[in-house]
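**Q** To start, I am sharing the structure in question, which I have written as structure tokens.
The numbers here are math on the coordinates, done by the rules we state, and not lab data. What you see is a predicted model; the values in this text were computed from it and never measured. Cβ placement follows ideal geometry from the backbone for every residue including glycine, while neighbour counts extend to all protein chains displayed.
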Amino acid sequence: MTELPMAPVKPPARLISVTIDGQQVEVPEGSTILDACNQLGIDTPTLCYGDTLAPANACRICVVELEGARTLIPACARKVEPDMVIHTDSERVRHSRKMVIEFLASSVDLSITPVAQDYLRRYDGRPERYGPPAPADPERDHKRTGHHEPPDGQTAATVHSPAKLDNDLYVRDYSKCILCYKCVDACGEQYQNTFAITVAGRGFDARISTEYANPLPESACVYCGNCIAVCPTGALMFRSEHDLRDAAAWDESRQTQTDTICPYCGVGCNLTLHVQDNQIVKVTSPDDHDITRGNLCIKGRFGFQHVNPQPRAPL
Amino acid sequence: MFGAGGGTSSYKEAEETDLLILWGSNARETHPIFFHHVLKGVHRGARLYVIDPRRTGSAQWADTWLGLDVGTDIALANTIAREIIHAGLANETFVDRATTGFAEYRESVEPWTLEHGERITGVPAETIRELAHTYARADRAILCWTLGITEHVTAADNVLALINLGLLTGHVGRYGSGLNPLRGQNNVQGGGDMGAIPDKLPGFQDVENDHAARARFEAAWGVKLPPRRGWHLSQMFEAMERGELRTLYVFGENPAQSEADSKKALEALEGLDFLIAQDILMTRTCAMADVVLPGTASWCEVEGGTVTNSERRVQRMRKALDPPGQARDDHWIIVELARRLGHDWGHPTLEQAWDELRSLSPMHRGMSYERLEELGGIQWPCPSEDHPGSLYLHGRLWSEPVEGRRAPFSVTPWVAPIDELNDEFPIRLTTGRRLDSYNTGVQTNLYSSPLRRGETLDLHPEDAANLGVEPGETVKVSSRRGSIQAPVRLDCNLRPGLAFMTFHFPDEIDVNVLTIDATDPKSGTAEYKATAVQVEKLNGDERQTAGVASGRAGK
Amino acid sequence: MDVRLLDAEPTTAERAAVDAFLGPPLSTWVGADRADDGHAAHGGHSARAERHQLLPTLHALHERVGWISPGALNYIARRLTIPPADVYGVTTFYALFSLEPRAPRVLHVCNDAVCRCCAGSDSLVATLAEQIGPQGQEVGGVTWLESPCLGQCDRAPAALVVESGESPREVELASVTADGLLAVMDGQTPAPPPTAIPPQAGQPGLALLKRIGVADPESLDDYRAHGGYEALRRAFELGPDGVIEEMVESKLVGRGGAAFPTGRKWDAVARQPRRPHYMICNADESEPGTFKDRAIMEGDPFSLIESMTIAAYASGCERGYIYIRGEYPLAQRRLERAVEQARARGLLGDDILSRGVRFDIELRKGAGAYICGEETALFASVEGYRGEPRNKPPFPVDRGLFGKPTVVNNVETLVNVLPIVLKGGAAFARIGTERSTGPKLFCVCGAMQRPGTYEVPFGTTLRELLELAGGVAAGSKLRAVLLGGAAGSFITPDELELALTFEDARAAGTTLGSGVVLAVDERVDLPELLAAIAAFFRDESCGQCVPCRVGTVRQEEALARLRSGRTRGSVQDELALIAEIGEAMRDASICGLGQTASSAIESAMARLNVFNRGVSA
């Protein structure tokens, strides 16, 4: 009998035992502390962490205290080691988490990032204590690296800058950007490999940019929308969603999500159609399906207009 | 292949193989998400070879690109084979045990020295040798192809020539080694699976030779099935030209614009007594039809239904939208049509229809809707409900002794493209797709793509300079069958003498006026990929008002 | 890769500059005009493996044309098969690269902590702004820019003239005056000052500084005449294991700040079965107030080459890099020359001293990013990426440069190798204290009689060190010492008996850090000094992690409010806020930059009562 045509079986991973908040847990070698926390049902805040992407470990809101370590460590990125003793709700942990969410809420527009409000409440964050937010800066894309005007401290510096509406498919509003790197990773080596966007500049002036901050239609962008799919704050958004929000008509409670298969090429990508009022308003792909792992191309992501009622001429 | 038409590997294997060859496939643009898997493999260290006349987006990722001349695929494959054999790199164990016809094959490729191969294909001998050795030496290697292989008059032999290479090196039937046609449409594979092939019943059961299978279907359906194969598409058109085929029922196709030599195709369609078109949008074909049946978009307006992708995975589709107006599901229309023709089939659900298929097609037997749902699709063959589905095909060729029929080598003689280049038609035009568009653009032209720049004639800058034409300038492109006008775009990834167009904008520029309808007698595919053309600069007054004004991006 | 290029062409000069560095393009696909390659192309892994040439290529271009134009960036993208956006992201990370047209002659005026607060550079900057115009504005082919620390704090205020063109030139200026700077703006190029000679030069008993000011730094023969390459010969006698044994016995620990045992590091790399191994000398000394590594590189470059060769031999590295900060042109020239001479004499290359040992060194220039002194950021920079640090583990001995086992030592650490190998680890361990062995270099600057690089054994007290440097400058009174640099902490005049060892510093709640000893007298505007330090960290944060990216901004804002007196709530509230910010940066930042960005500021609050005093007055 022929063997079943399956992938070669890998030996099972060794189990590693760690202690988190006094509870012992065994997880497979190679798991992260976040995995172990999840196994114990410990709710760990995350912002830059994405299931399909390697941990960027940039936001640092998931930090935990490891006994014996000088500093806190990121739960999302740090792999478990035998006999680690970890605290996820110590004073130090709570403090750093509070400061991270305050830092972000005082400098970024988190108005459509629901978890941000949860985290602020959970850690008693008071972003207003840094002062009133500074206004949007139209020159943010062209800061001289390693140089800034001395602040007077009377307003809190922000990343606010005018939203970029330079094409019909999606909108980039970097006032909402927490610089989690996910869009860059999705556009780059981890999935799309188009490298249309990058982190440019440095420090607080670092921003997501095309080359020379050119408009998207002049960039290498292929409009796969895989960056939108991973954006946790709505900085990147379907034009359709943006316009509905602008018209105060975006209403997720009235939306259905249906999984189906893309009608175009023969790869068979799974689509999740977000439908409001019998109109497709957004298309995503399930993160956990191994054909797409959440990714699509321009046709799968945006090529649905022909079934939306408005432009479809009745036969 | 070897009995069941489907790619032998899974996408996942592309991530874990050592060598990937894309032959006549620009997967970067035409199968973007499959290419993600390729890139995962590349980033893990796999080598990538791309064989394509154009230095496509895919080719630009390659460790080595082999830019063969259009229509010389068999020449290249045969040269590679001879080199592998002469270098002593053939997998003799596999060849001896699992194949037939090797001696004849070896003899047939003997004239294909590297030098001869270079002369015919244009690819430097050293580069051909490099690929031959790398492929033969790889522990795992996956070979994929697309329409660059099949849209030729030698389509079937092209495919067989590639399969020969897999057999010669044993790169088939193991994890990470396989032979894969990437399907151009979301259910080309499923159509084949369901018997939409002239000589097959569902599940690739032969209609002429497999009497037992035919008997099972006859019993299930309560009718006598004609024991002979039907026509493939090109044969249908030939039959229309002969006046033998008088009524055509087209659904979800746009032959008025998608056929090669479209002038001839239109004549054939116009000559019909009766044309029924069933579609979700008003295509050119619908416009010609006597009756139009408004269908629903099966991918989002119908609950149920399955498609099969290029890794043989059967997946469920679901309803997300209410269809507009009087549109009806395809299966409802068919059932109603049958009823009105005197056959009452009741109104089976799609799941009931599927379960009937499972009872008749052994390779689908284990795929209940419930399991398809639960497992995110299942790859055939899946003979029973406790079978996980098949990641790859033809593992049987590696069992001891080989199970079933051994895999045959085929003798694949090379013939030059029908449409010859000469002084009058000196430029080779080849066609293909672009990332944001799809086929004749019926669906894709309705969304606003920032990448879309309309139809252009893509030329190498040197050709443009010789013709004295500028980017954006409209020129006349003529083949032996007709001529069109199109604006010029420069593309350094072509070479002098090679031009490229798509067929996405037939309403503005009907590229298929140029292409040749010479078809492969075995598969019926037309030679879209190899047209001999001349390009002429226009005087101002010769210029038609072109639908596409310039080569720049824009809406 | 399917790189989509910009619609922009390089100028002839730009193309020539890139081709001069990378060699002419070999195929049409990477920019050759015409070649017979329409039927085949090679790229893929081999093309992507050239990524690490990005920074040197950008330097070559910048030296020739003074900025990175879209056409030039496009051409580099094409030559190296890197997407333009990616090149842009890397280029904009580094302060020395300009993406806007810049005058061919640029005057960088240091206005960082020491120059500004102890040497009045802010008045120089004000003069330039007044008489020439705002920084960055071109006036007759010249422009001026404020610069972070140029590493000449012992001869503050400092400046650097950078001229691009066919014969690019960089001239470092020290102890500059307003007239001197105006002359530069006027087109004159002053002669560079003589190489800084440490005040102890020529004194007996020095181990690390003994050749500086004595042997010709540009002559290998002179180096050998002064004992050079005896240690390498001895190392070959000992064998790799023997060298590591001596290193372990010496108890030498890294001088870069982390104080990790060097012998253990080498041993860990030597034992790694994964190959190749890399050797990196971290010469990206950039912390305000630091200039000791510069003294070695300018004054005794061969000692560094020899030390690296020994380190590489012991740990099994065949390739080494010196990552030197971009603002040290003289040190670069001397090291380049030293490497060439060593190579010419078979002291680098495939068969060193005819022993079959293979090792060679490449110099890599930084481009204005303090963060690249962090070892994982340094790897990223050499590899051709933005200099962003990553989490550890994995540690460099396991996964370092190009993901391979890597030894990283800074300049000062490495030159200790010579006395260890020559005199034995045991003898070395007898210098200093039980836990801090050997000699230590300090960068004494600020309000001192004889500022400069000093070598003393560990255990010397701070007071003794200050006395060695002639004591506080005439007519002034010591208010504090900033020990360890911008990432260090302030010490009060009451604490001068502090023994300068790792353990005593730790016990006193401070650090030796980068070896800075900045004497602050009563004339220094302490709040301004703190503001300068805060501004430095805000400018140098890579921006990757939130605590550092935003924390450095909020810290600077709070300090600004304290300085102006327009606080939010009370002064105490602001001080508490700064402490809260500091705690989060220390605890939750990815790397040492963020973790120490509040250290000096918080220590000033705690020990010097900076703002409380101002309020009560």
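**Q** I need the chymotrypsin sites (Phe, Trp or Tyr not before Pro) found in segment B:265-349, filtered to DSSP loop residues with at most 15 other beta carbons within 10 Å of theirs.
**A** Of the chymotrypsin sites (Phe, Trp or Tyr not before Pro), the ones in loops of segment B:265-349 whose Cβ has at most 15 other Cβ atoms within 10 Å are B:345.
**Q** On to the next question. May I ask you to list the trypsin sites (Lys or Arg not before Pro) in segment A:16-112 that are in a DSSP loop and have at most 10 other Cβ atoms within 10 Å of their Cβ? It would help to have the intermediate numbers written out before the result.
**A** Working: sites: A:60, A:70, A:78, A:79, A:92, A:94, A:97, A:98; in loops: A:60, A:70, A:78.
Hits after loop and neighbour filter: A:70.
**Q** If amide H atoms are built 1.01 Å from N in the plane of the peptide, which residues on other chains or at least 5 residues away come under 5 Å of the amide H of residue B:47?
**A** The answer is B:19, B:20.
**Q** Taking every DSSP beta bridge with both residues inside segment C:220-429, roughly what % is antiparallel (nearest 5)?
**A** Numbers: 3 of 21 bridges.
So the antiparallel bridges in segment C:220-429 amount to around 15 percent.
**Q** Could you state the principal axis extents of the C-alpha atoms in segment B:188-379, from the largest down, to the nearest angstrom?
**A** Reported extents, whole Å, longest axis first: 47, 43, 36.
**Q** For segment B:344-375 and segment A:39-82, what is the separation of their C-alpha centers, rounded to whole Å?
**A** Distance between centres, Cα-based: 46 Å.
**Q** Gaussian network model of chain A, Cα springs within a sub-10 Å range: biggest mean-square fluctuation belongs to which of A:160, A:87, A:142?
**A** Fluctuation is largest for A:142.
**Q** First select every other residue whose beta carbon is under 12 angstrom from the beta carbon of residue C:502; then total the charges, Lys and Arg +1, Asp and Glu -1. Display every interim value, and only then the final one.
**A** Details: positive: C:251, C:255, C:435, C:440, C:506; negative: C:434, C:503, C:504.
Summing Lys and Arg as +1 and Asp and Glu as -1 gives +2.
**Q** What does the charge count near residue B:515 come to, summing +1 for each Lys or Arg and -1 for each Asp or Glu among other residues with Cβ under 13 Å from its Cβ?
**A** Details: positive: B:263, B:264, B:428, B:480, B:481, B:529; negative: B:151, B:259, B:261, B:419, B:510, B:517, B:527.
Summing Lys/Arg as +1 and Asp/Glu as -1 gives -1.
**Q** Can you give the charge dipole size of chain C about its Cα centre, rounded to the nearest 20 debye, using +1 on the beta carbon of Lys and Arg and -1 on the beta carbon of Asp and Glu? Please list the in-between numbers first.
**A** On the way: 63 positive and 79 negative charges, 197 e Å.
It comes to approximately 940 debye.
**Q** With the cut-off at 1.5 for a/c, could you classify chain B from its C-alpha gyration tensor as rounded, prolate or oblate?
**A** Details: a/c = 1.63, a/b = 1.05, b/c = 1.56.
Since a/c reaches 1.5 but b/c is at least a/b, the shape of chain B is classed as oblate.
**Q** Would you tell me the mean number of C-beta atoms belonging to other protein chains that fall within 10 Å of each C-beta in B:451-459, as a whole number?
**A** Numbers: counts 7, 1, 0, 0, 0, 0, 0, 0, 0.
Average neighbour count from other chains, rounded to a whole number: 1.
**Q** Apply the Karplus curve 6.51 cos²θ - 1.76 cosθ + 1.60, θ = phi - 60°, to the phi angles in segment B:208-221 and return the couplings in whole Hz, x for Gly and Pro.
**A** Per-residue couplings from phi come out as 8, 9, 8, 5, 5, 5, 4, 4, 4, 5, 4, 5, 5, 9 Hz.
**Q** Compare the Cα positions of C:95, C:67, C:124 along the charge dipole of segment C:66-141 (+1 at Cβ of Lys, Arg; -1 at Cβ of Asp, Glu; about the Cα centre) and return the one farthest towards the positive end.
**A** Checked the options; the winner is C:67.
**Q** If you take the charge dipole of segment A:170-307 about its Cα centre, with +1 on Lys and Arg Cβ and -1 on Asp and Glu Cβ, which of A:248, A:212, A:272 is farthest toward its positive end?
**A** A:212
**Q** With both partners inside chain B, how many of the DSSP beta bridges are antiparallel, as a percent to the nearest 5? Intermediate results must be reported in sequence, preceding the final value.
**A** On the way: 23 of 59 bridges.
Counting only bridges with both partners in chain B, antiparallel ones make up about 40 percent.
**Q** A further question follows. For segment A:252-283 and segment C:307-349, what is the centre-to-centre distance using only Cα atoms, to the nearest Å?
**A** Value for the Cα centre distance between the two parts: 59 Å.
**Q** Okay, moving on. Excluding same-chain residues fewer than 8 positions from residue C:404, which lysines have a Cα within less than 23 Å of its Cα?
**A** Partners found: A:79, B:40, C:265, C:365, C:392.
**Q** Using a Cα-Cα cut-off of under 26 Å, which lysines could be cross-linked to residue B:537, ignoring same-chain neighbours fewer than 8 residues away?
**A** B:263, B:476, B:529, B:555
**Q** What list of ³J(HN,Hα) values in whole Hz, one per residue of segment B:8-21 in order, does the Karplus curve 6.51 cos²θ - 1.76 cosθ + 1.60 (θ = phi - 60°) give from phi, with Gly and Pro shown as x?
**A** My calculation for segment B:8-21 gives 8, 10, 9, 4, 4, 5, 4, 7, 10, 8, 9, 8, 10, 10 Hz in order.
**Q** What list of ³J(HN,Hα) values in whole Hz, one per residue of segment C:589-606 in order, does the Karplus curve 6.51 cos²θ - 1.76 cosθ + 1.60 (θ = phi - 60°) give from phi, with Gly and Pro shown as x?
**A** 6, 5, 10, x, 4, x, 5, 10, 5, 10, 4, 5, 5, 5, 5, 5, 4, 6
**Q** Could I ask something else about it? Evaluate peptide C:556-563: per residue, the Cβ atoms of other protein chains within 10 Å of its Cβ; return the mean as an integer. Don't jump to the answer; show the numbers that get you there.
**A** On the way: counts 6, 11, 4, 3, 5, 5, 1, 3.
Across C:556-563, the average partner-chain Cβ count within 10 Å equals 5.
**Q** Sort A:19-32, C:458-471 for me by packing, meaning the mean count of neighbouring Cβ atoms within 10 Å per residue, highest on top. All intermediate terms of the calculation are to be shown ahead of the outcome.
**A** Details: A:19-32: 15.2, C:458-471: 17.9.
Descending packing order for the listed peptides: C:458-471, A:19-32.
**Q** Taking the Cα centre of chain A as the origin, how large is its charge dipole in debye, to the nearest 20, when only Lys and Arg (+1) and Asp and Glu (-1) carry charge on their Cβ atoms? Can you show the working numbers first?
**A** Working: 31 positive and 41 negative charges, 66 e Å.
Roughly 320 debye, rounded to the nearest 20.
**Q** Share of antiparallel DSSP beta bridges in the protein assembly as shown, in percent to the nearest 5?
**A** On the way: 87 of 154 bridges.
So the antiparallel bridges in the protein assembly as shown amount to around 55 percent.
**Q** What translational D, rounded to a whole number of µm²/s, comes out for the protein assembly as shown from Stokes-Einstein when the hydrodynamic radius is the Kirkwood one over Cα pairs, at 20 °C and 1.002 mPa s?
**A** Once the numbers are plugged in, D ends up at 60 µm²/s.
**Q** Right, next: Where Lys and Arg each count +1 and Asp and Glu each count -1, what net charge lies around residue A:256 among other residues with Cβ under 14 Å from its Cβ? Spell out each step's value before the answer.
**A** Numbers: positive: A:254, A:282, B:318, B:319; negative: A:251, A:252, A:259, A:277, B:301, B:303, B:322.
Taking every Cβ under 14 Å from that of residue A:256, the sum is -3.
**Q** When the Cα centres of segment B:183-233 and segment C:72-123 are compared, how far apart do they sit, in Å?
**A** Comparing the Cα centres of segment B:183-233 and segment C:72-123, I get a distance of 68 Å.
**Q** Let's see if you can work this out: charge +1 on each Lys and Arg Cβ, -1 on each Asp and Glu Cβ, no other charges. What is the dipole magnitude of segment C:520-603 about its Cα centre, in debye to the nearest 20?
**A** Working: 9 positive and 14 negative charges, 55 e Å.
So the dipole magnitude of segment C:520-603 works out to roughly 260 debye.
**Q** 5 Å is the cut-off here: which amide hydrogens, built 1.01 Å from N in the peptide plane, fall below it relative to residue B:295, excluding neighbours closer than 5 in sequence?
**A** Amide H to amide H, under 5 Å and 5 or more residues apart or across chains, residue B:295 pairs with B:279, B:280, B:328.
**Q** Related question: Please average, across the residues of A:291-302, the number of beta carbons from any other chain that are within 10 Å of each residue's own beta carbon, and give a whole number.
**A** Details: counts 13, 3, 4, 0, 3, 2, 10, 10, 9, 3, 1, 6.
The per-residue average across the peptide is 5.
**Q** Same structure, new question: Suppose only helical runs count, i.e. DSSP H with n ≥ 4. What mean residue ellipticity at 222 nm does that imply for the protein assembly as shown under -39500 (n - 2.57) per run, divided by all residues and rounded to the nearest 500 deg cm²/dmol? Mind dumping the intermediate values first?
**A** Numbers: 53 runs with 483 residues, N = 1487.
Theoretical 222 nm ellipticity from helices: -9000 deg cm²/dmol.
**Q** Also, quick follow-up: Near the amide H of residue C:259, under 5 Å away, which other amide H atoms are found, from residues 5 or more places off or on another chain, if H is placed in the peptide plane?
**A** C:254
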